[in-house]
Amino acid sequence: MSFRSGFVCILGLPNAGKSTLLNALVGEKLAIISPKPQTTRNRILGIIHVAKRNRRPGGQVILLDTPGVHRPDSSLGRKMMGEVREALDGCVLILLIVDATRRFSQRDEFVLDMVKKSKTPALLLLNKIDLLRGDKGKLLPIIDEYRGRYDFREVIPLSARKREGLDVLLEKVIQALPAGPRYFPDDQLTDQPARFMAAEIIREQVLLETSEEVPYATTVMIEQFEEGAKLTRIAAAIYCEREGQKGILVGKRGQMLKKIGTAARLQIEKMLGTRVYLELFVKVKAAWRESHEFVEEVDWRRQLERLAGSRKLLSP
């Protein structure tokens with residue numbers, strides 16, 4: 001049995017459960033999660049190392065979690081949809097994940113059209129079956145609807161949150177992958193740098209602690225990241241678009257910012273395995289979501305390129 005590998009894109013509407021599925025399959029929290037739509041803004045790579053077992057070949061599944069598919073109305077939205085298209089271009093299999101508690105709509109048709117245009121084999125994942133209260137018969141109309149519109153390789157009911165059906169899914173994914181190389185070392189789970197994951201952890205706390213427009217109008221940029229053997233020093237700026245939003249993020253006597261910082265620091269310490277000194281600032285950048293330049297600036301891949309350039313200039 002030959003080793004199998006390939007890039008697999010997780011595609012779906014906002015809140016379908018893409019990031020929950022990624023974290024459950026990899027076994028580590030790589031993507032932040034919140035009840036708010038469009039929590040994921042970048043494509044996030046997670047690596048599953050599948051051991052050879054019985055008749056199943058060994059393999060490496062490189063999962064690409066993507067932002068929720070939507071019709072963009074800002075520079076940030078266009079950037080997010082660009083992330084989706086880039087993930088689709090490089091994958092050999094699509095996992096189309098849908099919320100099994102919702103009826104088929106025009107938004108679902110929009111996502112399905114992306115699958116059709118990609119001409120890439122796809123599995124249909126019916127997520128959140130734990131919310132159907134035992135009535136699995138409700139899945140039949142959804143299956144018929146999708147089967148009538150596209151020839152999926154498999155239809156797999158599951159619950160990413162409860163980790164139900166994931167073994168079946170993994171078996172089907174491995175079967176669908178071609179023979180290929182080992183792209184990443186056995187101990188690597190993602191390509192994300194720790195500084196990006198720290199920024200996302202901070203943004204997750206903003207999403208969880210604030211409401212209305214504030215979560216969507218904020219982004220986080222790491223300004224200092226110094227890792228030590230026992231202590232990591234991090235300074236991060238939370239950007240928002242208006243002074244009123246800044247007031248909410250800071251809170252009365254700084255209590256909201258302190259609450260966000262404390263919760264984020266504990267999670268970052270767990271991730272890094274060191275004590276963390278975290279300093280947060282709130283800055284106003286008017287209409288940053290409409291600024292192509294700023295949206296590119298907060299992209300962690302661009303940040304890494306700039307850091308690498310700076311190091312070359314500083315080296316003798």
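Bear in mind these aren't lab numbers, they're just calculated from the coordinates by the rules spelled out. Because the structure is predicted, anything quoted here is derived from the model rather than measured. Glycine also receives a Cβ, built like all others from the backbone with ideal geometry; neighbour counts cover every protein chain displayed.
Counted by Cβ distance under 13 Å from GLY254, the other residues give a net charge of +4, where Lys and Arg count +1 and Asp and Glu count -1.
Show me the ranking of peptides 71-79, 132-140, 6-14 by mean Cβ neighbours inside 10 Å, starting with the highest. If you can, show how the numbers build up before the last one.
Values: 71-79: 15.3, 132-140: 11.1, 6-14: 22.9.
With the highest mean Cβ count within 10 Å placed first, the list reads 6-14, 71-79, 132-140.
Only helices reaching 30 angstrom along their own axis (Cα) with mean Kyte-Doolittle hydropathy no lower than 1.6 count here, and not one DSSP H run of the chain does.
How do 53-61, 226-234, 257-265 rank on mean C-beta neighbours within 10 Å, highest first?
Result, highest mean Cβ count within 10 Å first: 257-265, 53-61, 226-234.
Taking other C-beta atoms within 10 angstrom as a stand-in for reagent exposure, THR101, THR66 fall in the order THR101, THR66, fewest first. Only beta bridges with both residues in the stretch 203-316 are counted; by DSSP, about 45 percent of them are antiparallel. Using a Gaussian network model of the chain with C-alpha springs under 10 Å, which one of GLN303, GLN106, GLN192 is most mobile by mean-square fluctuation? Looking only at GLN303, GLN106, GLN192, the biggest GNM fluctuation is shown by GLN106.
Going from the residue with the fewest nearby Cβ atoms within 10 Å to the one with the most, TYR183, TYR239 rank TYR183, TYR239. Of all the options GLU212, GLU241, GLU290, the one that moves most in a Gaussian network model of the chain with Cα springs shorter than 10 angstrom is GLU212. Reported to the nearest whole Å, the Cα centre-to-centre distance from the stretch 108-164 to the stretch 182-222 is 27. Using R0 = 41 Å, the C-beta based FRET efficiency linking ARG107 and TYR277 works out to 0.40.
For the residues ASP108, ASP99, what sequence is obtained by ranking on other C-beta atoms within 10 Å, fewest first?
Values: ASP108 22, ASP99 18.
Neighbour counts put them in this order, fewest first: ASP99, ASP108.
Legend note: in the chain, cysteines whose Cβ sits 4.7 Å or more from every other cysteine Cβ are CYS240.
How big is the antiparallel share of DSSP beta bridges in the chain, given as a percent to the nearest 5? If you can, show how the numbers build up before the last one.
On the way: 18 of 49 bridges.
Expressed as a percentage, antiparallel bridges in the chain total about 35.
By the helix-only formula, in which each DSSP H run with n ≥ 4 contributes -39500 (n - 2.57) and the sum is divided by residues, the chain has a 222 nm mean residue ellipticity of -12000 deg cm²/dmol. Here the dipole of the chain is about 460 debye; that uses its Cα centre as origin and unit charges on the Cβ of Lys and Arg (positive) and Asp and Glu (negative). Here are some values of volume of the Cα convex hull per residue in Å³: (1) 124; (2) 162; (3) 139. Which one was computed from this structure? Of the labelled values, this structure produces (2).
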